[in-house]
Amino acid sequence: MQVLERILGIILPVFIIIAVGYGYARLRGERVRADMLSVNRVSMDVLCPLLIFSALAAKDFDLARSGLLILAGVIISLGSGLIAWPVARLLGYDARTFVPPMMYNNCGNMGLPLAALAFGNAGLAAAVALFMACNLIYFSVGIKIIESGRNQRTPFWKFLLSPMMLAMAVGMLFAIFRISLPAPLMTALKMLGDACIPIMLFALGVRMLDINFKSWHIGLVGAIVCPVSGLIVAWLLDQVLSMNDMQRGQMYLFAALPPAVFCFMVAEQYKQEPDKVASIVLLGNVAALAFVPVGLWMGLPAASG
């Protein structure tokens, strides 16, 4: 009962904020979508990078210990893709549509707030490490899968020069060389970064208004395959990797997350069956109500010990 209460205490605030964003968008209509474009741009260009930088540059971030989590995140992302590939072939789905969302879960909008609520500041830093691993795999292997059979190619260096990747690189340098910023400056950057968390959740709720239940079949399959494949790989890693309690909890939570909303935006950009990817994302985030508690249940007994 105590574990159940803790799980509810973690997931309910997250889904309440998402619901508020969805409700507000339903009430206000098209104007909210237009307003959120500017908000999302500020979030992606300024607030999110500052969240990542402040987490990596914090005194409690241990790069050596986080290396194991980064490895776990890479293997879970790749392993989920490997499991999803034969599922796509078996059911007749285009692998370029189905596989990348299985590899890129919602470790930003949903994962970071959940980690902060479940594990505190130390958990947020570890979640950023997993976020970094997931981004590296998606924007290298995932994008290559989407671009296969096309003339369109996106240079990897463009991804490396994005604000979030630059923030990761600078934050890693601060972590490696133990560089400290003046306390008032660090506090200001952290306050700005922390503002990103509720904004991302609210934006996720608004984005849900644009996604419909068309192509529900592939959406339902994706909603199940993404967290189940992640949890299978996480369980296998748990048997071979020596992790502390918090790292194991973070790994299972990360593995249980649904496909990222960003996958829908990329599918639109590449015209890669965006309606089907939209269904995967929508039903996946609805199914998170069931799968995220499973991930927390697998991780919290270890993390609370």
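The values are calculated or read from the model by the stated rules, or taken from the named source; none is laboratory data. Keep in mind that this is a model prediction, so the values were computed, not measured. When we count neighbours, we look across all protein chains shown, and the Cβ atoms used for this are built from the backbone with ideal geometry, even at glycine. Accessible surface areas use protein heavy atoms only, side chains included; no ligands, DNA or RNA. Shrake-Rupley method; radii C 1.70, N 1.55, O 1.52, S 1.80 Å.
Tabulated data
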quantity	calculated
Some residue of segment 235-248 being open to solvent by less than 10 Å² (accessible area, probe 1.4 Å), in contact (Cβ under 8 Å) with a residue 12 or more places away in the chain and in a helix (DSSP H, G or I)	no
Only listed residue being at pLDDT 90 or above, within 23 Å of Val225 (Cβ to Cβ) and in contact with a Ser or Thr (Cβ under 8 Å, 6 or more places away or on another chain), chosen from Gly79, Gly73	Gly79
Where Phe119 falls short, out of the listed (1) open to solvent by less than 20 Å² (accessible area, probe 1.4 Å); (2) in a helix (DSSP H, G or I)	(1)
Selected residue [touching a residue at least 12 places away in the same chain (Cβ under 8 Å), among the basic types (Lys, Arg) and open to solvent by 50 Å² or more (accessible area, probe 1.4 Å)] from Arg65, Arg28, Arg41	Arg65
Residues (of a type in the set (D, E, K, R) and touching a strand residue (DSSP E or B) at 6+ places or on another chain (Cβ under 9 Å)) located in segment 133-166	none
Some residue of segment 94-110 being under 17 Å from Gly123 (Cα atoms), touching a residue at least 24 places away in the same chain (Cβ under 8 Å) and either part of a helix (DSSP H, G or I) or open to solvent by 20 Å² or more (accessible area, probe 1.4 Å) (or both)	yes
All positions within segment 182-202 that are open to solvent by less than 50 Å² (accessible area, probe 1.4 Å) and either over 22 Å from the mean Cα position of the chain (by Cα) or farther than 24 Å from Gly120 by Cβ (or both)	Met186, Ala188
Test result for Val170, in contact (Cβ under 8 Å) with a residue 60 or more places away in the chain, under 29 Å from Ile10 (Cα atoms) and β-branched (Val, Ile, Thr)	no
Subset tally (residues that are open to solvent by less than 20 Å² (accessible area, probe 1.4 Å) and not in a helix (DSSP H, G or I)) for segment 44-62	1
Residue match in segment 211-223 (condition: in contact with a Cys (Cβ under 9 Å, 6 or more places away or on another chain) and closer than 23 Å to Leu114 by Cα)	no
